[in-house]
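A.B. asks: What follows is a structure written as C-alpha cells; I'll ask about it next.
The values are calculated or read from the model by the stated rules, or taken from the named source; none is laboratory data. Treat the numbers as computed from the prediction; the structure is a model and nothing was measured. Here the Cβ positions follow ideal geometry from the backbone for every residue, glycine too, while neighbour counts run over all protein chains shown. Areas reflect the complete protein model, heavy atoms only, side chains present, ligands, DNA and RNA absent. Shrake-Rupley method; radii C 1.70, N 1.55, O 1.52, S 1.80 Å.
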Amino acid sequence: MSDREPLVLDGESLTPEDVAAVARDGHPVAIADSAREAVRESRARVEEVLDSDEAVYGLNTGFGQLVTERIPEGDRGRLQTNLVRSHASGVGRELEREEVRAMMLTRINALVKGYSGIREVVVDHLVTMLNRGVHPVVKSRGSLGASGDLAPLAHQALVLLGEGEAEVDSKRLDGEAALAQAGLEPLSLAAKEGLALINGTQLTVGLGALCVVDTERALRGADIAGALTTEVSMGTTAACDPAIQDVRPHSGQAASARNIRTLTVDSEIVESHRNCDRVQDAYSIRCLPQVHGAARDAVSHLREAVETELNSATDNPLVFAGESVDDRASGTENVGVLSGGNFHGAPLALRLDYATNALADLAAIAERRVDRLLNPNLQEEHLPPFLTPDSGVQSGYMIAQYSAAALVNENRSLGSPSTDNTPVSGGQEDHVSMSAQSALNARTAVENTLTVVGVELLCGAQAMEFVDDDLDPGAGTGAAYDAIREHVPPLDADRPLHGDIEIATELVATGRLEAEVEKVANETIV
C-alpha cells in the first residue's frame, strides 16, 4: 500500500488526470465520508423496497424477457451471481494493467454517488483490490456500450466472488487466491448488486480519460514538432500573428498559434529570411494553427463529456429518495426506483470517434511536414535528401517516413464504430452505442499519432544539423532540439531507427518534452 496521500473519491470531482495518476502511477484511493453515507442511504432504500414486496426491476424480478418473473427472496443473491457469471463472456486480448485500473477506479466513483443501491462492503472490496494491486483479468472485446460495458465489467466483478482470475504482483491467480493476497474474503452478492457492478460505461470512460490526457500531450508535442519544422525549413511564423486568429476566434486555433510564437521567440533562424522571396509556406506549415486548433477543439469536446461521465451514475435501475421522483417510479412512498438509459454510451462514443478523426488529421499534417523535410523535390536547398550527409549511399530518415505514413493509414482506417448498430437481447436492446470500440480505436489513434509526432521531432532535430551554426533557434525550439539530442545522437550514418523513434515518442507521451521546453521558454505550452 502506497504511503502517498490518497485520492478521495466522492462521486463528484474525479478528473482525467486523476484517472491517469491511479491507473498508471498506482496512486491510492479512499472514499469520502459523505460518499459512504450516500452509499449506506441508497442501500437502505433498496432494503425498504425489498421489505415491501413491491415488484421492482433488478431488485426482485428477472431480467430482459424474464422481467415479469418474481424472484423468491432466497434466490435473489443467486440471481445476481448468475448475472455476473453469465455476462463474463468477453473475448479478444486482455486489457492492460492501466486499462483495468482505470475501469476499477471509475466504477468505484460511480457507485459512491449513492444511486446504485450497493452495500458499502462491496465498494470497500473494490477499493482494497485497487490499492493492493489485485487486477482482474478482463477481456477487451464484448461490450456494445449499452447496457453499458457489460462483459468487461462482469469479468472485473467475477473476482469479487472469488472466481475468474486476477494478476497480483505479475502473478496470475484464481479469484479467491487473489483476494486472499489482499486480505479479503469472496463476497456473496445481495439483491441489485450484480446489476450495479456490471451495468455502466466504465471501460469506455476509463479509456476515454486516458485518451484525453494522452491526446492533449500529443497536441502539445505536435505544436513543438511543427514549430521546429517551421524553423528548420525556413518557414515564417507570420501565419501565427494574433491578428489572423482574432478575426477567426476559434480557441484551439489561437492556442496553437500562441504556442508557435512562444516556441520560436528570439529565433535568429526565422529572422534570417524575413525579407526572402518566398511569399507563402505550404499548407502543412501555414495552416498549422487551423488544423492543430481544430483537433484541439475536438479533444476539448471529448474532455467535457469524459469529465461529466466520470462523475455520473450510469447503471440501471437507479435508486432515489421518493420525493425526488414522480409517481411513475417503482418502489415505495419513500423510495423511487427508475429504469432509464444512463448506461448508453452514445455521449462518449460520438465524441471519441470525433477525436479519433481529429487525431487522424493531426498525424496526417505532421507526416506531410516530415515529407517537406526529407523529399528532395520539396525540401529547402540547405537540406540534403532524406537528411543524410551521404544520400544515395545512405537512406537517412527515408523509412521513418514510411512508418509514419503507415500509422496515418491505420488511423484513417479506424472508422466510426458509433455509427454502427447491432440489435441484441431479443430486440429489446435494439440500439447500442459501440462506445467501447470507439474508446479502443481512439486509444490506438493517439498511440499512432504520438509516434508520428516523434518521427517529426527526430527529422526536425536532424534538419537542424544542416542549418547555419551562426543562427540560434528559438528558445523553445532550441530546448526541444536539446531534449532530443540528450537521448538521440545526430544521424551521421545509417542505423536502425526504431529505438530512436520510441525514445522521441516517449518524450512526448510522458510530457517530458514539454516540461523541458517550458523550463527554457518560461511559458506554459497550452
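A.B. asks: What's the magnitude of the charge dipole for the chain around its Cα centre, counting Lys and Arg as +1 and Asp and Glu as -1 at the beta-carbon? Answer in Debye, nearest 20.
C.D. replies: Values: 43 positive and 82 negative charges, 215 e Å.
The dipole of the chain has a size of about 1040 debye.
A.B. asks: Over the chain, give the accessible area per residue in Å² for a 1.4 Å probe, as an integer.
C.D. replies: Value for the chain: 41 Å² per residue.
A.B. asks: Test of understanding: what is the full-extension gain from ALA238 to VAL67, defined as 0.36 nm times their sequence separation minus their Cα-Cα distance?
C.D. replies: The ALA238-VAL67 span can extend by a further 55.0 nm.
A.B. asks: Further question on the same structure: Give the lysines reachable from LYS171 as a straight Cα distance under 19 Å; neighbours fewer than 8 places away on the same chain don't count.
C.D. replies: Hits, sequence-local ones excluded: LYS139.
A.B. asks: Output the Cα-based Rg and Dmax of the chain in Å, rounding Rg to one decimal and Dmax to a whole number.
C.D. replies: Considering the chain through its Cα atoms, Rg and Dmax are 26.5, 86 Å.
A.B. asks: Output the peptides 192-202, 360-370 sorted from most to least packed, where packing is the average of other Cβ atoms within 10 Å over each peptide's residues.
C.D. replies: Sorting 192-202, 360-370 by mean packing, highest first, produces 192-202, 360-370.
A.B. asks: What are the lysines whose alpha-carbon lies under 18 Å from the alpha-carbon of LYS192, with same-chain residues fewer than 8 places away excluded?
C.D. replies: Reachable lysines: LYS113.
A.B. asks: Right, next: For the ranges 89-101, 222-234, what's the packing order if you count other beta-carbon atoms within 10 Å of each residue, average per peptide, and put the highest first?
C.D. replies: Result, highest mean first: 222-234, 89-101.
A.B. asks: For ASP3 and SER52 in one chain, what is 0.36 nm times their gap in residues minus the Cα-Cα distance, to one decimal in nm?
C.D. replies: My answer for the length gained is 13.1 nm.
A.B. asks: Got a sec? Charge dipole of the stretch 279-366, +1 on Cβ for Lys and Arg, -1 for Asp and Glu; which of ALA294, PHE320, GLY341 is way out at the positive end?
C.D. replies: Value computed over the given set: ALA294.
A.B. asks: Next question, about the same structure. Using the Cα atoms of the stretch 416-526 to build a convex hull, what is its mean projected area in square nanometres?
C.D. replies: Directional mean of the projected Cα hull area for the stretch 416-526 stands at 10.3 nm².
A.B. asks: Quick one, could you list the DSSP H helices from the chain stretching 20 Å or more along their long axis (Cα atoms) with average Kyte-Doolittle hydropathy of -0.5 or above?
C.D. replies: 97-111, 202-232, 288-310, 346-374, 398-413, 435-464
A.B. asks: Compute the label zone of ASP468 within the stretch 372-389: residues whose backbone N is under 15 Å from the point 7 Å along Cα-to-Cβ.
C.D. replies: It comes to 381-383, nothing else.
A.B. asks: Additional query: Taking 0.36 nm per intervening residue step and subtracting the Cα-Cα distance, what contour gain separates GLU502 from SER324 on full extension?
C.D. replies: Here the answer is 58.7 nm.
A.B. asks: In debye to the nearest 20, how big a dipole does the stretch 214-279 give about its Cα centre with +1 on each Lys and Arg Cβ and -1 on each Asp and Glu Cβ? Each step should come with its number before you reach the end.
C.D. replies: Values: 7 positive and 10 negative charges, 33 e Å.
The dipole magnitude comes to about 160 debye.
A.B. asks: Under 5 Å between amide hydrogens, which residues at least 5 positions from VAL335 or on another chain qualify, with H placed 1.01 Å from N in the peptide plane?
C.D. replies: GLY322
A.B. asks: Taking each pair of different alpha-carbon atoms in the stretch 105-261 once, compute 1/r for the pair, average those values, and report the inverse of that mean as the Kirkwood hydrodynamic radius in Å to one decimal.
C.D. replies: 18.8 Å
A.B. asks: Moving on. Calculate the all-directions average of the projected area of the stretch 233-282's alpha-carbon convex hull, and give it in nm².
C.D. replies: 3.8 nm²
A.B. asks: How large, in percent, is the carbon and sulfur part of the accessible surface of the chain at a probe radius of 1.4 Å?
C.D. replies: 47 percent
A.B. asks: Once you sort the root eigenvalues of the Cα gyration tensor of the stretch 190-302 as a ≥ b ≥ c, which label holds: rounded (a/c under 1.5), prolate (a/b larger than b/c) or oblate (the other case)?
C.D. replies: Prolate.
A.B. asks: Sort 349-358, 182-191 for me by packing, meaning the mean count of neighbouring Cβ atoms within 10 Å per residue, highest on top.
C.D. replies: 349-358, 182-191
A.B. asks: Quick check: net charge around ASN421, other residues with Cβ under 12 Å of its Cβ, Lys/Arg +1 and Asp/Glu -1?
C.D. replies: Numbers: positive: none; negative: ASP420, GLU429, ASP430.
Summing Lys and Arg as +1 and Asp and Glu as -1 gives -3.
A.B. asks: Once label points are set 7 Å from the Cα along Cα→Cβ at both HIS431 and SER86, what is their separation, rounded to one decimal in nm?
C.D. replies: Going from the HIS431 label point to the SER86 one covers 2.6 nm.
A.B. asks: Would you calculate the separation in nanometres between label points at ALA30 and VAL424, each defined as 7 Å from the Cα along the Cα-to-beta-carbon direction?
C.D. replies: About 3.9 nm separates the two model spin labels.
A.B. asks: Taking the simple approach of a point 7 Å from Cα along Cα-to-Cβ for both ARG97 and THR510, what is their distance in nm?
C.D. replies: With each label placed 7 Å out from Cα toward Cβ, I get 1.5 nm.
A.B. asks: Apply the Karplus curve 6.51 cos²θ - 1.76 cosθ + 1.60, θ = phi - 60°, to the phi angles in the stretch 381-395 and return the couplings in whole Hz, x for Gly and Pro.
C.D. replies: 4, 7, 9, x, x, 6, 6, 10, x, 9, 5, x, 6, 10, 9
A.B. asks: What size of dipole, in debye to the nearest 20, comes out for the stretch 1-160 about its Cα centre when the only charges are +1 on Lys and Arg C-beta atoms and -1 on Asp and Glu C-beta atoms?
C.D. replies: 660 debye
A.B. asks: At 37 °C and 0.692 mPa s, what whole-number value in µm²/s does Stokes-Einstein give for the translational diffusion of the stretch 6-112, with Rh from the Kirkwood sum over Cα pairs?
C.D. replies: Result for D is 199 µm²/s.
A.B. asks: May I ask for log10 I(q)/I(0) of the stretch 295-346 at q = 0.13 Å⁻¹, from a Debye sum over the Cα atoms as equal point scatterers with solvent left out?
C.D. replies: Log-scaled intensity ratios, in q order: -0.45.
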